[in-house]
Amino acid sequence: LTAGPGWAEEIRRLARERDAVVLAHNYQRPEIQDVADHTGDSLALSRIAAASDASTIVFCGVHFMAETAKILAPDKTVLIPDARAGCSLADSITADELRVWKAEHPGAVVVSYVNTTAAVKAETDVCCTSSNAVEVVRSIPADREILFLPDQFLGAHVRRETGRENLHVWAGECHVHAGINGAELTARAQADPEADLFVHPECGCATSALYLAGAGAVPADQVHILSTGGMLDAAKNTTRRSVLVATEVGMLHQLRRANPDVDFRPVNDRASCGYMKMITPGALTRALVEGRDEVHVDADTAARARGAVQRMIEIGR
Ligand code: 13P
Ligand code: SF4
């Protein structure tokens, strides 16, 4: 499963032969991040997929990300090195469940996190990622009722930031981020009072981070609720010697590269996403040699989902 000598050169050669661009999410294994043409958060990678000239996109990430690329670039071949790389958050709502929820709130605007299936996106008015969720909700007239799904912690964060009382939140969660708990965060923060806290809004501990700041246990300016891309920008500019990071541990690779002078430490070093780690060097090689696993989204679903995804990449530029 590890990358041997000459592997990166081989990947670059195979990608050239296939006219492929290799994209890697910030949670990918370090060797996959290092060999990719672009690494980034889900919003940045969607934008790159939509704008790329390459005829093939190899998406090193999870299935909903590759599907989103296919919705944005239907004429391109989209490959994911292992189609079994799913997402517990995307699995937490089905299109049928969403249709029932919509029927209970006629006229509500449906805002779906990008961590959803194409079928759920097809029932959605506007998608968002953790980098632009607040801006997406602010772009909706204040008197409109909003259904926000599927992540309850991101939903709670957006409701706090926007003050929207009429925003209903689905009770889904990501097993990795929900597992980073408030008690752990509190203990870590108290052991290192000088450290900044970078907290992904999908975390179950996001509320604790705010509570800590509100209660004065940690100065408010040391708590930052950020997407993975936002963490990278903040890492480049921080003046702190140490930063506690509450998200999937793959993120630490990019953070340490962005600012080697800072000691970046995980709040929970077991917070690893098994789906993201299914994209191994061997799987990437196979994808480029054999041209699989190819991602398909049926034309009708893609057509109904496209507007919501396009609005997502337009907001928060
Ligand atoms: P972002 O890259 O948008 O912060 O998303 C995090 C995530 O959990 C994707 O699976
Ligand atoms: Fe899904 Fe969570 Fe893994 Fe992200 S970290 S891909 S939200 S299961």
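The values are calculated or read from the model by the stated rules, or taken from the named source; none is laboratory data. Everything numeric in this text was worked out from a predicted model, so none of it was measured. Here the Cβ is made from the backbone with ideal geometry for all residues, glycine too, and neighbour counts use every protein chain on show.
Take the conditions (1) under 26 Å from Gly274 (Cα atoms); (2) more than 15 Å from the chain's Cα centre (by Cα); (3) modelled with pLDDT of 95 or more; Cys174 misses just one of them, which is (2). Is there a residue being crowded, with 18+ Cβ neighbours inside 10 Å, within 23 Å of Ala3 (Cα to Cα) and polar (S, T, N, Q) anywhere in the stretch 239-255? Yes. The single condition among (1) within 25 Å of His168 (Cα to Cα); (2) out of contact with any strand residue (DSSP E or B) (no Cβ under 8 Å at 6 or more places or on another chain); (3) within 15 Å of ligand 2 (Cβ to nearest atom) that Ser92 does not meet is (2).
Please go through the stretch 255-267 and give me each residue that is within 21 Å of Ile32 (Cα to Cα) and touching a helix residue (DSSP H, G or I) at 6+ places or on another chain (Cβ under 6 Å), ordered by number. Result: Leu255, Ala258, Asn259, Phe264. Residues in the stretch 150-168 that are closer than 18 Å to Thr124 by Cβ, among the hydrophobic types (A, V, I, L, M, F, W, C) and touching a Pro at 6+ places or on another chain (Cβ under 9 Å): Leu154, Val158. Of the helices (runs of 4 or more DSSP H) contained entirely in the stretch 1-102, those carrying at least 1 residues that are within 17 Å of the chain's Cα centre (by Cα) fall at 30-35, 42-51, 63-72. Residues that are within 16 Å of ligand 1 (Cβ to nearest atom) and either at positive phi or in contact with a His (Cβ under 9 Å, 6 or more places away or on another chain) (or both) within the stretch 1-31 comprise Leu23, Ala24, Asn26, Gln28, Arg29, listed in sequence order.
With respect to (1) crowded, with 21+ Cβ neighbours inside 10 Å; (2) on the phi > 0 side of the Ramachandran plot, the lone exception for Cys87 is condition (2).
For the stretch 157-202, the set of residues classified as basic (Lys, Arg) and not assigned by TED's automatic domain parsing to the domain that holds Val111 consists of Arg188 only.
Restricting to the stretch 50-82, and then to whatever is of a type in the set (Gly, Ala, Ser) and in contact (Cβ under 8 Å) with a residue 12 or more places away in the chain, can you tell me which residue is farthest from ligand 2 (Cβ to nearest atom)? Filtering the stretch 50-82 for residues that are of a type in the set (Gly, Ala, Ser) and in contact (Cβ under 8 Å) with a residue 12 or more places away in the chain, the one farthest from ligand 2 (Cβ to nearest atom) comes out as Ser55.
Val78 meets the stated requirement of being more than 15 Å from ligand 1 (Cβ to nearest atom) and among the hydrophobic types (A, V, I, L, M, F, W, C). Restricting the stretch 111-164 to residues that are in contact (Cβ under 8 Å) with a residue 60 or more places away in the chain and part of a helix (DSSP H, G or I), the residue that is surrounded by the fewest Cβ atoms within 10 Å (Cβ to Cβ) is Glu135.
Would you point out which residue out of Ala287, Ala206 is surrounded by 17 or more Cβ atoms within 10 Å (Cβ to Cβ) and either β-branched (Val, Ile, Thr) or under 19 Å from the mean Cα position of the chain (by Cα) (or both)? Going through Ala287, Ala206 in turn, just one is surrounded by 17 or more Cβ atoms within 10 Å (Cβ to Cβ) and either β-branched (Val, Ile, Thr) or under 19 Å from the mean Cα position of the chain (by Cα) (or both): Ala206. Scanning the stretch 178-196 for residues that are surrounded by 22 or more Cβ atoms within 10 Å (Cβ to Cβ) and within 16 Å of ligand 1 (Cβ to nearest atom) gives a single hit, Ile180.
Are any residues in the stretch 223-235 surrounded by fewer than 20 Cβ atoms within 10 Å (Cβ to Cβ) and touching a Leu at 6+ places or on another chain (Cβ under 9 Å), and if so, which ones? His224, Asp233, Ala234 - these are the residues of the stretch 223-235 that are surrounded by fewer than 20 Cβ atoms within 10 Å (Cβ to Cβ) and touching a Leu at 6+ places or on another chain (Cβ under 9 Å).
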